[in-house]
Every structure is written in structure tokens, then in C-alpha cells.
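**Student:** So that we are looking at the same thing, I have put the structure below in C-alpha cells.
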Amino acid sequence: MQLVLGAMRAGWLVNMISAPVLTGFTQAAGFLIIASQLPAMLGLKGSLSQIVSNPQFAWHEMGFGVGSFALLWISKRNVPRWPMVLVVVCITALLSYAIGFEASGGAVIGNLPAGLPALVWPPTLPWSAVSTLLVPAMVIALVSFLEVASSAKAQSQQDSSLWNDNQDLIGQGLAKIASALSGSFPTSTSFSRSAINIYAGATTGWSALISTGMVLLALLFLMPALHYVPSAVLSAVVIIAVMGLIQPAQFLRLWKISRAEALTSMATFSLTLLTAPRIYWGVLAGVMLGLIDFLYQRLHPRIIEVGLHPDGSLRDRHLWKLPPLAPHMYALRMDAELDFAAASSFERNITEHLIQHSDVTDVCLFAQPINRIDASGVDVFATLISNFQERGITLHISGLKLPVENVLRRTGLLSEHPLLRMYRTDAETLAHIGL
């Protein structure tokens, strides 16, 4: 499914992940990763309840974990170009082997399966099973990619790179197909791996190819050496890399920009934490809240009555306390598309004004912001023109854009009529009005 979506260039679906959703999800993912690795780095033993009620530290494990963390922290600030992750892992593996760390009860990576996976052919499923799995698989495909997109967007923002969503969809789909044919476990994305990649200085796609080659070498030759790496060291590597994701100031920045978007981000953050390990629910909730806010804004477009400001610009007449453009004229501007979402508000605004001001003889629409009109908008426009003609009101239209004008001409709404005036520019409109 992901392969087909990528081939169909359906990566635009990830545009539903707004910046506030991405911020909330990224912060929460960082907290979850650090929380999952912190006990191992500090040498804490037992379950969560035991750690909280009666913490017990393995001091030799803490020494490896905290020491590795400190070394990585210092080296990142002083020698950022050094491959310190590799250096630290190698040194701690040698030290662990030399002092008999595992024999003294220290937690190490241990035995890992070596060699390359064997090719397999998945068993054939009856159609009843396929039909049952179809809808869940579709949901997983979309949710999986939304999670990938969150990680990829966060990375592309950090290194100011471009991300090809369709190419990523194709890559994710091929990877899952390859996993099915090699008996491996299909995965989606890894915030911690991406964070470590960025921390190590990766800037191009070659980093993924090189790391894949290193994994192959490790599978073939290095499994015995990795056996002795303390688990606390790997936890320190993950934590030091993921710390860059934690940026609480982003919530304050969003609050200054938009209260609604800040609440969306906070809700995404909270739900991601509460639903862990199923963190995709946080993304889905954030996407839904973002779409609700988007639809609300579209249903409530900004419509203002304009007046001529002393600087020569047309501005909100009531906000700037400006006189009307002309006696008995209602001059308005709508900063939105004239579509099904905004058409009702547009019609209501004009109708209510005419009810409250029965002496209006002219309506002037400054139409530059309107770059699209649909069937609902055309119907509303036709109704308004009909009402204007019945009441003898002249309609002035300024700066109508060509895509909108073409639609209205095809429907015959801009035919020659004594009560319809068309102007190409605002200057021409103001000159005709006498300003």
C-alpha cells in the first residue's frame, strides 16, 4: 500500500501534519525515549514501581553510563567532528572485557544473532483472512507513514534539508516488502536512530548506506565484539542524541503565535505520552485537532468593510475609524476563497448590512484576495446579484482574478448589465468613486 501511494505521488497526505502537531509529537517522543533509557544509564534495577519506591543502583553500570554521557557531552562541545560515539563504544567494550564486567553482574548487550537473514516466502492466506486484514493494514500504512513523516520533518527542519515524501513512501513500502521476504520484523521509523544519525554529523543519504554497510559487517564479523558493550553505554548514546529534541520554548513560541495551535501542540504532546507505546494516537489526535481548527477558520473568513487610510491603502474601516468610501456605499473585502466553506458567511455579511442600512445604493467588492470560486460560491454570487438588481443596487467589483472571472463568465453572471461595474485595479475603482 505504501509503495502504491508513493508511486501515485500521494505524499501530500503528510501535509496534514502541521508544525504544532510536529512540535508536540517530537517533544513527547524525546521524553519517552529518555525515560526508557535513563534507568539503564543510571544502573537502576527492577520494575518502575520498585525504582520509584526503593531505587537500587548498580554503581559499576552507572559508572559506564554516566561516564559515557559526560564524555559524549564534552566532546560534542569541544571536538564535534570526532566520531566519539564509535570511540566510546569501542573503548567501553574493551574496558568491559578487560575488567570482567559481565562476570561481575554488569548488563551487557550479550549474544546477538549473527549472519544474514534467509529468504522465505510468506504462506498463502485465504481470501477471508485477506479481507479481514485489509482495512487494518490500510490504517497501519497511513499511521506508520504519519509517524515517519513526523521524524523526517523534524530532521529536515534541523539540518534545513528537503524531504521527498513520495520517495520516502516508496522506500518504506519496499523495506516492508523486503522484510516479508526475509522473515524479518517490519518496522516504521526510529526517532532515536535518526537523532543519533544527526548527532554523529550525518548530512546526506550516504549516511544511511554507510550505516547499512556497517550493520552488514557487524552481522557477519562483529557480533562477538559487541557482546561486551555495556547496556548503560548504549543508553547514554541514545539520551545524549535525543536531548536535542527537547525544546520546551517551542510551546511558548506557539502560544505567542496562536492560542489554538499551541493547544493543539500541547494536546498532541499529552496524548503521545499517555498512549505510549502507541504514540501514533498522539499524531492522529493532533491531525484531527489541526483539521478542526482549519475548518473553523475556513467557515469563519475575515470579511471587513474597507475605508481609505491616510497612507493611501484600504484598511478595516471600523478598526482604524475611517469614513465610508462613498455615501450610501458598502465597500467590503473578504480574505478567503469564495467556496462552500466561506460562501454562507459572505452572503450573511452582505445581507445583514443591507438590512441594517436600507439606504445603501452601491456595493463595492474588492475581490483581489478571492482566488477561487466553487459551485456554492457561484450560487451565492448569483443570489446576491439577483437581489441587488431587484433593489436597484449597483455592484462594483474591483480586481477580480482571472480564474474566478472565467468561472463567473461561463455561468453568465458577468454579462453586460447597467447595475454591474468591473474594474481591473483598486486605483481605477477609487478614481471612479471620486477618491
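**Student:** Given DSSP loops and a limit of at most 16 other Cβ atoms within 10 Å, what is the longest stretch of the chain that contains no such GluC sites (Glu not before Pro)?
**Tutor:** 103-415
**Student:** At 1.4 Å probe size, with every protein chain present, just tell me what the per residue accessible area of region 49-155 comes to in Å².
**Tutor:** The answer is 66 Å² per residue.
**Student:** Right, something else. Restricting the count to DSSP beta bridges whose residues both fall in region 304-407, what percent are antiparallel, rounded to a multiple of 5?
**Tutor:** In region 304-407, DSSP labels about 30 percent of beta bridges as antiparallel.
**Student:** Give me Rg over Rh for region 97-149, both radii from the alpha carbons and Rh done the Kirkwood way, two decimal places.
**Tutor:** Across region 97-149, the Cα-based Rg/Rh ratio is 1.30.
**Student:** Turning to a different aspect of this structure: State the answer as a single residue: which of Ala178, Ile109, Val52 lies farthest towards the positive end of the charge dipole of the chain, with beta carbon charges of +1 for Lys and Arg and -1 for Asp and Glu, about the Cα centre.
**Tutor:** Ile109
**Student:** Cut-off under 20 Å on the C-alpha distance; same-chain residues fewer than 8 positions from Lys45 excluded. Which aspartates and glutamates are left, in chain and number order?
**Tutor:** Glu61, Glu102
**Student:** Binning every alpha carbon pair distance of region 67-162 at 10 Å from zero, what are the percents per bin?
**Tutor:** 11, 18, 24, 25, 18, 6, 0
**Student:** Could you check the simple spin-label distance between Ser104 and His417, using points 7 Å along Cα→Cβ, in nm with one decimal?
**Tutor:** Distance between the two pseudo-spin positions: 9.2 nm.
**Student:** A follow-up question, please. Using the charge dipole of the chain (Lys, Arg: +1 at Cβ; Asp, Glu: -1 at Cβ; taken about the Cα centre), state which of Phe388, Ser190, Leu314 has its Cα farthest towards the positive end.
**Tutor:** Going by the Cα projections, it comes out as Ser190.
**Student:** Take every DSSP beta bridge whose two residues both sit in the chain, then give the antiparallel share in percent to the nearest 5.
**Tutor:** If we restrict to bridges inside the chain, about 35 percent are antiparallel.
**Student:** Just how far, in whole angstrom, is region 225-263 from region 167-220 if you go by their alpha carbon centroids?
**Tutor:** Centre-to-centre distance over Cα atoms comes out at 21 Å.
**Student:** Okay, moving on. How large is ³J(HN,Hα) for each residue in region 272-289, as worked out from phi by the Karplus curve 6.51 cos²θ - 1.76 cosθ + 1.60 (θ = phi - 60°), to whole Hz, x for Gly and Pro?
**Tutor:** 5, 5, 6, 9, 4, x, 7, 5, 5, 5, x, 5, 4, 4, x, 4, 5, 5
**Student:** A follow-up question, please. So, in Å, what gap is there between the alpha-carbon centers of region 295-351 and region 385-426?
**Tutor:** Cα centroid of region 295-351 versus Cα centroid of region 385-426: 17 Å apart.
**Student:** Moving on. For volume of the Cα convex hull per residue in Å³, pick the label among (i) 195; (ii) 185; (iii) 229 that corresponds to the value derived from the coordinates.
**Tutor:** After the calculation, the listed value that fits is (iii).
**Student:** In region 264-327, what trypsin sites (Lys or Arg not before Pro) fall in a loop by DSSP, with at most 15 other Cβ atoms inside 10 Å?
**Tutor:** Arg278, Arg302, Lys321
**Student:** Trypsin sites (Lys or Arg not before Pro), restricted to region 75-121: which are DSSP loop and have at most 15 other Cβ atoms within 10 Å?
**Tutor:** Sparse-neighbourhood loop trypsin sites (Lys or Arg not before Pro): Arg81.
**Student:** Ok, one more. Can you send over the carbon and sulfur percentage of the accessible area for region 235-314, probe radius 1.4 Å, protein chains only?
**Tutor:** Here it works out to 68 percent.
**Student:** In addition: With every protein chain present, what is the per residue accessible area of region 295-425 (1.4 Å probe, Å²)?
**Tutor:** Accessible area per residue: 52 Å².
**Student:** For region 236-293, what does the alpha-carbon gyration tensor say about shape, rounded, prolate or oblate, given a ≥ b ≥ c as the root eigenvalues, a/c under 1.5 as rounded, and a/b over b/c as prolate?
**Tutor:** oblate
**Student:** Still on this structure: Treating the beta-carbon of each Lys and Arg as +1 and of each Asp and Glu as -1, no other charges, what is the dipole magnitude of the chain about its Cα centre, to the nearest 20 debye?
**Tutor:** With only Lys, Arg, Asp and Glu charged at Cβ, the dipole is about 880 debye.
**Student:** Mind checking the dipole of region 289-435: about its Cα centre, +1 per Lys or Arg Cβ, -1 per Asp or Glu Cβ, Debye to the nearest 20?
**Tutor:** Its charge dipole is roughly 160 debye.
**Student:** Let me ask another. Heavy atoms only, probe 1.4 angstrom, no DNA, RNA or ligands counted: give me Ser188, Ser68 ranked by accessible area, highest first.
**Tutor:** Listed by decreasing accessible area, they come as Ser188, Ser68.
**Student:** Carbon and sulfur together cover what percent of the accessible area of region 1-125 at a 1.4 Å probe radius?
**Tutor:** The computed percentage sits at 70.
**Student:** Also: For the chain, what is the calculated [θ] at 222 nm in deg cm²/dmol (nearest 500), taking -39500 (n - 2.57) for each run of four or more DSSP H residues and dividing by its residue count?
**Tutor:** -18500 deg cm²/dmol
**Student:** Now for a separate question. In region 213-357, with Lys and Arg counted as +1 and Asp and Glu as -1 at Cβ, which of these residues, Trp281, Tyr330, Leu219, has the Cα nearest the positive end of the dipole, that is, farthest along it?
**Tutor:** Leu219
The values are calculated or read from the model by the stated rules, or taken from the named source; none is laboratory data. Everything numeric in this text was worked out from a predicted model, so none of it was measured. Counting neighbours? That spans all protein chains shown, and the Cβs are built from the backbone with ideal geometry, glycine included. Ligands, DNA and RNA are excluded from the accessible area calculation, which covers all protein heavy atoms including side chains. Shrake-Rupley method; radii C 1.70, N 1.55, O 1.52, S 1.80 Å.
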